[in-house]
1. Consider segment 133-170. How many of its residues are modelled with pLDDT of 95 or more, within 14 Å of the chain's Cα centre (by Cα) and surrounded by fewer than 18 Cβ atoms within 10 Å (Cβ to Cβ)?
2. Any idea which of VAL98, VAL82 is closer than 25 Å to HIS214 by Cα, within 15 Å of the chain's Cα centre (by Cα) and part of a strand (DSSP E or B)?
3. Residues in segment 171-194: is at least one modelled with pLDDT under 80 and not in a strand (DSSP E or B)?
4. Which of the residues spanning segment 216-249 are open to solvent by 60 Å² or more (accessible area, probe 1.4 Å) and over 14 Å from VAL180 (Cα atoms)?
5. Which condition breaks for PHE199 when tested against (1) in a helix (DSSP H, G or I); (2) in contact (Cβ under 8 Å) with a residue 40 or more places away in the chain; (3) open to solvent by 80 Å² or more (accessible area, probe 1.4 Å)?
6. Could you identify the single residue in LYS44, LYS59 that is modelled with pLDDT of 80 or more, more than 22 Å from the chain's Cα centre (by Cα) and assigned to a loop (DSSP other than H, G, I, E, B)?
7. Do you know which residues across segment 120-152 are touching an Asp or Glu at 6+ places or on another chain (Cβ under 7 Å) and under 25 Å from GLY223 (Cα atoms)?
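The values are calculated or read from the model by the stated rules, or taken from the named source; none is laboratory data. A quick note: this is a predicted structure, and the numbers were derived from the prediction, not measured. All Cβ positions, glycine included, derive from the backbone under ideal geometry; neighbour counts span all protein chains shown. Each accessible area value is taken on the protein alone, full model and side chains, heavy atoms only, with ligands, DNA and RNA left out. Shrake-Rupley method; radii C 1.70, N 1.55, O 1.52, S 1.80 Å.
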Amino acid sequence: KKEKKEKKEKKEKKKKRQRDEDDEVGEADNSSAAPPEDESSSPKKPKKDSVTSPPPADKNAPCPGNRDGVTRLFIGNLPFAVDEDTLKSHLPGTLTHVKWITDKETGKFYGSSFVEMLTSKDAAAAVGVNGSELMGRPLKINYAPAREGDVWPPAKTSTTGGQAGSNTRRTMSEKPEGCVKLFIGNLSYDIDDDGIYNFFRNADAEVKAVRWLHHKESGDFKGVGYVEFWSEDACEKAAKLNGKTLLGRPIRIDWTD
């Protein structure tokens, strides 16, 4: 009986999550989106990283791997410590909008999102890295055309809720057994090996190795990396520095294996 009850509860949670994912975009931004007339009569200064109108002429042009010219994608199995900058750094092409999917009642981040890419070619490139790992988790990326009546793309370039996109101290994911490695993000571009070694040394956590992540094409630093420690105890001590300031930026830390 207990097993049946647990299976039933798990099934209900899965259904609720699916409903939230299906309804999220259509309802989330209605209160914040201004009518088109107001937007045209009172133009605002574009925010950094926002995409100004009109859209590119080839935005929805069919292309190899994207015959329908779709620019809206679903991304699943995201790490709970992810944010917009990290996601942008990981995906090829230009990402213009992000909608984090959260539980409507609790605000808890589900680990998935809808994103808008600048062009159909950018969308195809992003789908091309389906299965690639971000912070130790293989991403699920597929095309997700907006439904009729959906408010898409959202009024804001990034709509946040729950964990993702928050500027506060982030909740870490579940710690793997015997974990001795951490993901570190939101790093200053001035960071170097010595800076990381000294940062964790202050928590009595001796670093064994550091690996920085760079863009494949340009070689530019992504602002994220991995740190390995000599022991599980040292790793646990280091994890307590999640959210602490390093070179003027709150470092983002999460478990990885």
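1. Number satisfying all stated conditions: 1.
2. Values: VAL82 fails: part of a strand (DSSP E or B).
Only one candidate passes the filter, namely VAL98.
3. For segment 171-194, residues modelled with pLDDT under 80 and not in a strand (DSSP E or B): present.
4. LYS216, GLU217, SER218, ASP220, LYS244, THR245, LEU247, GLY248, ARG249
5. Only one criterion in (1) in a helix (DSSP H, G or I); (2) in contact (Cβ under 8 Å) with a residue 40 or more places away in the chain; (3) open to solvent by 80 Å² or more (accessible area, probe 1.4 Å) is unmet by PHE199, namely (3).
6. Working: LYS44 fails: modelled with pLDDT of 80 or more.
From the options LYS44, LYS59, the qualifying one is LYS59.
7. MET135, GLY136
Conditions tested, residue by residue: (1) closer than 15 Å to GLY195 by Cβ; (2) at pLDDT below 85; (3) acidic (Asp, Glu).
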site: ASP220; (1), (2), (3): no, no, yes
site: GLY223; (1), (2), (3): yes, no, no
site: ASP233; (1), (2), (3): no, no, yes
site: LYS240; (1), (2), (3): no, no, no
site: LEU246; (1), (2), (3): yes, no, no
site: ASP254; (1), (2), (3): no, no, yes
